[in-house]
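Worksheet: the structure to be examined is printed underneath.
The values are calculated or read from the model by the stated rules, or taken from the named source; none is laboratory data. Quantities reported herein were computed from a predicted structural model and do not represent experimental measurements. All Cβ positions, glycine included, derive from the backbone under ideal geometry; neighbour counts span all protein chains shown. Ligands, DNA and RNA are stripped out before the accessible areas are found, and what is left, the full protein with its side chains, is counted by its heavy atoms. Shrake-Rupley method; radii C 1.70, N 1.55, O 1.52, S 1.80 Å.
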Amino acid sequence: MKRQVEDNDFDVSLKKLNTDLKWKTKRKQELRNRIITDIDSLETKENSKNFFLSTRKKRKVIRSLSYTGIALLIGFGLFIGSTFISPAIAEVAAKIPYLNKIFHSEPINRTIWKELEERGYHLSGVGGNARYLHISIDGSEQYYQDVRDEVKEIAANILKEKDYDGYKIEVESHVNRVPSISERDQAISEALEESYNHLIELQFNVLAQGYSYSAPNSEKVIVHIDIPNTEKRIEELKNVVNECLKAKNIDSYSIKINKINLSQKEKEARWNEIFQVIIEGLTAKKEYKVTGFAYSFHPAPLQIIIKTSINASEKDADEKVRIIERTINEFLNSEEIQSKIGGDQYKIIIRGKDKQRIN
């Protein structure tokens, strides 16, 4: 059940906020008004109520951020006329669910990437899982040896500032190995690019296209094409691909058409961002004892599977499970997240150390 925020709690907090802060200039008064306005807005929303993605040079993950008013207070801290945050501000901020705070900040790997990049370090990737944060250094072995300790220390400080104590940091050297490509693979790639262009001209909605080999060291190629499940012109589509492959003298292949339910795909896309927040929030802190995450849309309802190191025989196992459930439900039942998931039904499954369900 979602914990409701009482009206009088916010009234008292805002009165303290109004008297505790000492505003000495017009600019500070304007900022004060903006903060209180944003907190009022947040109160209205509260009362009415998605594995790390790897960040890489050529595929940086950028999330839309909302850093005004209370979000600024939560994300970065606000020091106005003193070296400490007002207890009233801390009290108001504490009423915001833990995962909602993470939702309004960028993923931790992105934060670390930006900080290291701004300091001039050469990176090839920052990613992680439930136990480790991996930072990959680009450059020579000597460069890696020179900077790895500094990089690890900077990342550790960022985690400490966010009160994330659940990750171990691994810094590794990235070896840029450019795979060799055969003439046949080059020809296949060119044929598929040409077929894609032809299909677009014929107003096919090609969602994805690629190829693989049926087995290691096999010459047989499987061409994969994703299209909406409403598309009926399957034979025409295959003919276009066949002509392009034959023009490049490619034989020994098959074409696999994957029909995609776009409404289901859109639903899964909505949840992906939410899954990322749940993963980061629960794996970042040791107290949750979360070791992994999975989900399944089939069969309905959506199953959100939390893997933990909790031993069912522990005397406080039930309380730990309740804390995890409450943390997730507070987040998913908030007005903001409900507006994104459209009332989708879900079921939380928590597994213990022995991989059996414990909730």
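Can you pick out the pairs among LYS307/LYS340; LYS101/LYS340; LYS315/LYS347; LYS267/LYS347 whose Cα atoms lie more than 22 Å from each other?
LYS307/LYS340; LYS315/LYS347
How many nm is it between the label spots at LYS256 and LYS232, if each spot is 7 Å from the Cα in line with the beta carbon?
So the label points at LYS256 and LYS232 sit 2.7 nm apart.
Applying 1/(1 + (r/R0)^6) with R0 = 45 Å to the Cβ-Cβ distance of GLU325 and ILE222, what FRET efficiency is obtained, to the nearest 0.05?
After rounding to 0.05, the efficiency reads 0.60.
Need one value: the accessible area of GLU219 in square angstrom, 1.4 angstrom probe, rounded to the nearest 10.
Surface open to solvent at GLU219 totals about 110 Å².
What's the extension gain from ALA294 to LYS248 if we count 0.36 nm per residue and subtract their Cα-Cα distance?
12.4 nm
Need one value: the accessible area of HIS122 in square angstrom, 1.4 angstrom probe, rounded to the nearest 10.
The accessible area comes out at roughly 100 Å².
Suppose the Debye formula is applied to equal point scatterers at every Cα of region 271-320; what is log10 I(q)/I(0) at q = 0.17, 0.29 Å⁻¹?
Log10 of I(q)/I(0), two decimals: -0.59, -1.09.
By accessible area of protein heavy atoms, probe 1.4 Å, what ranking do LYS256, LYS285, LYS162, LYS315 get, highest first?
The most accessible residue leads, giving LYS315, LYS256, LYS162, LYS285.
By how many nm would the segment from TYR132 to LYS114 lengthen if fully extended, with 0.36 nm per residue of separation less the alpha-carbon distance?
4.6 nm
Translational diffusion coefficient, Stokes-Einstein: compute it for region 115-203 using the Kirkwood radius over C-alpha pairs as Rh, at 20 °C and 1.002 mPa s, and state it as an integer in µm² s⁻¹.
It diffuses with D of about 132 µm²/s by this estimate.
Using protein chains only and a probe of 1.4 angstrom, how many square angstrom of SER180 are accessible, to the nearest 10?
The accessible area of SER180 comes to roughly 120 Å².
Just to confirm a number: summing +1 for Lys and Arg and -1 for Asp and Glu over residues other than ASN229 whose beta-carbon lies under 15 angstrom from that of ASN229, what do you get?
Neighbourhood net charge equals +2.
Towards the positive end of the charge dipole of region 141-253, with charges on Cβ (+1 Lys, Arg; -1 Asp, Glu), say which of TYR167, ALA156, LEU245 has the farthest Cα.
The Cα lying farthest towards the positive end belongs to LEU245.
Can you work out the PRE-style zone for GLU150? Point 7 Å along Cα to Cβ, and I want the residues of region 108-125 with backbone N under 18 Å.
112-125
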